[in-house]
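First comes the structure, then the notes that go with it.
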Amino acid sequence: MIKFKYNKIKNSVLKGANMNKVRITAIKTEMKMDLIEQYGSPLLSECPCHKVGDTYITALQKPEQLCADAWCCIEKYVFALAHTSEPLFWGDWSKNGVAVVCCNDGFRPVYFKIERLNEKA
């Protein structure tokens, strides 16, 4: 069973607990050529939205320049890290205050590092 600590976070939000800002950084892009050759369009190229090094600072709002599909994949981690710096899930999935997740593009995923900052939102 996943221990996401959702109830603890939800309760802190409902009590008006302070949130911290979160940094989102694109750390890796990939082209899954085997999948593209088998299932994708030959016109596919690298992600048109994000490059390694793209950085955004936010609390709970989607940064304007961030791809909407990527935001849908990472927003729950942004929410969690804005409210706690404890390791996510089983305690062995991430370091304190950090998560690495990717968008759901199966052909050309972008990986993001999400970090809790020591700055209140």
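The values are calculated or read from the model by the stated rules, or taken from the named source; none is laboratory data. These numbers come from a predicted model, not from an experiment. Backbone-built Cβ (ideal geometry, glycine too); neighbour counts: all protein chains shown. Note: areas computed on protein heavy atoms with side chains; ligands, DNA, RNA excluded. Shrake-Rupley method; radii C 1.70, N 1.55, O 1.52, S 1.80 Å.
Brief remarks follow.
- With all protein chains modelled, accessible area of residue 83 [1.4 Å, Å²]: 30
- Residue order for 60, 44 - accessible surface, 1.4 angstrom probe, largest first: 60, 44
- Sorting 26-39, 104-117 by their mean Cβ neighbour count within 10 Å, with the most densely packed peptide first, gives 104-117, 26-39.
- Across 32/113; 32/95; 21/113; 51/120; 32/62, pairs whose alpha-carbon gap is larger than 23 Å: 32/95; 51/120; 32/62
- Extension gain, residue 37-residue 76: 0.36 nm per intervening residue step, less the Cα-Cα distance, totals 10.8 nm.
- Placing a label point 7 Å from the Cα of residue 28 along the Cα-to-Cβ direction, the residues of the stretch 103-117 whose backbone N falls under 18 Å from that point are 103-115.
- Dipole orientation for the stretch 21-121: of the candidates 80, 65, 112, 80 has the Cα lying most toward the positive pole (charges on Cβ; Lys, Arg +1; Asp, Glu -1).
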